[in-house]
1. Expected output is a single nm value to one decimal: the length gained when fully extending between THR106 and LYS210, i.e. 0.36 nm times separation in residues minus the C-alpha distance. What is it?
2. Could you run the Karplus curve 6.51 cos²θ - 1.76 cosθ + 1.60 with θ = phi - 60° over segment 20-25 and give me ³J(HN,Hα) per residue in whole Hz, x for Gly and Pro?
3. Could you state the number of Å between the C-alpha centres of segment 43-106 and segment 208-244?
4. Quick one: what are the phi-derived ³J(HN,Hα) couplings along segment 65-80, Karplus 6.51/-1.76/1.60 with θ = phi - 60°, whole Hz, x for glycine and proline?
5. Take every Cα pair under 8 Å in the chain that's 6+ residues apart, average their separations, divide by the length, and report that relative contact order as a whole percent.
6. Which whole-number percent is the relative contact order of segment 95-176 (Cα, under 8 Å, 6+ apart)?
7. Return the percentage of antiparallel bridges among DSSP beta bridges fully within the chain, rounded to the nearest 5 %.
8. Under the Kirkwood approximation for Rh and a Cα-based Rg, what ratio Rg/Rh is obtained for segment 28-148?
Amino acid sequence: MRLKNKVALITGAARGIGKVTVKRFLEEGAQVVFCDWDAEAGKATYEELKSLGPLKFFQTDVTSSPAVHELVAKTIASFGRIDILINNAGITRDNWLTKLDEDAWTQVLSVNLTGVFLCTKAVVPHMMEQGSGVILSASSVVGIYGNIGQTNYAATKAGVIGLTRTWAKELGPKGIRVNAVAPGFIQTDMTAKVPEKVLDRMRQQTPLKKLGLPEHIAAAYVFLASDEAEYINGAVLSVDGGLTL
């Protein structure tokens, strides 16, 4: 088991990539705390996965500093430490620039960027005290190349890359590795609502000619969180079937 006895905190994990990541981490021997804004979905995921290993769920708003600090305190009270933080929580509010209202801009920045900042800032002091830790954040191919209709989302995912590289320099000397994963087109509940002709276009744009699965992203998180990646710091791992080539 590659994550045996490691304690992982995973945000936005009631469904999709986050949920599959919780499952993989439990299978790899980790003790896992996950949070989500959606309490009902979070509780359902907890009931589904709790037999796989030590697991806790807490309903949390990652845009609230007090809520995030409470989440971190509950995680440490539950398992004694935090070895891995995965900043997975994210939302979209897509529209063309000329039609994008300020609320949609602010909502996406609050969850996708401020949430990453708040969660990381709350966890880092504990990792520094331990002298070790791993921080992984969800970026996107969109954060590397941009995308029509995703001004706000692209800005946040590019911002995550900037945060990752900055924190890798700041925290590396403290024994804390910081990396990001940049998924391409992944089959999730979100893409299930996309018209088939658009999905076909996504497949054709990808050199492997298929969409990715949440399991592909979870596997990347497992690797980067494990000791096998002990010399990887400040990297942005594209998991996109070659889309960024």
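1. Details: separation 104, 0.36 × 104 = 37.44 nm, distance 3.28 nm.
Full-extension gain reported as 34.2 nm.
2. With the stated coefficients, segment 20-25 comes to 5, 5, 4, 4, 4, 5 Hz.
3. Their Cα centres are 20 Å away from one another.
4. 4, x, 5, 5, 5, 5, 4, 5, 5, 5, 5, 5, 5, 6, 10, x
5. Numbers: 497 pairs, mean separation 46.9, N = 245.
Dividing the mean separation by the residue count of the chain yields 19 percent.
6. Details: 71 pairs, mean separation 32.5, N = 82.
Reported as a whole number, the value is 40 percent.
7. On the way: 0 of 28 bridges.
Around 0 percent antiparallel, to the nearest 5.
8. Values: Rg = 16.0 Å, Rh = 15.9 Å.
Across segment 28-148, the Cα-based Rg/Rh ratio is 1.01.
No lab work stands behind these numbers, since they all come straight from the coordinates. In this text, all values refer to a predicted model and were calculated from it rather than measured experimentally. Neighbour counts are summed over all protein chains in view; Cβ atoms, including those assigned to glycine, are modelled from backbone coordinates with ideal geometry.
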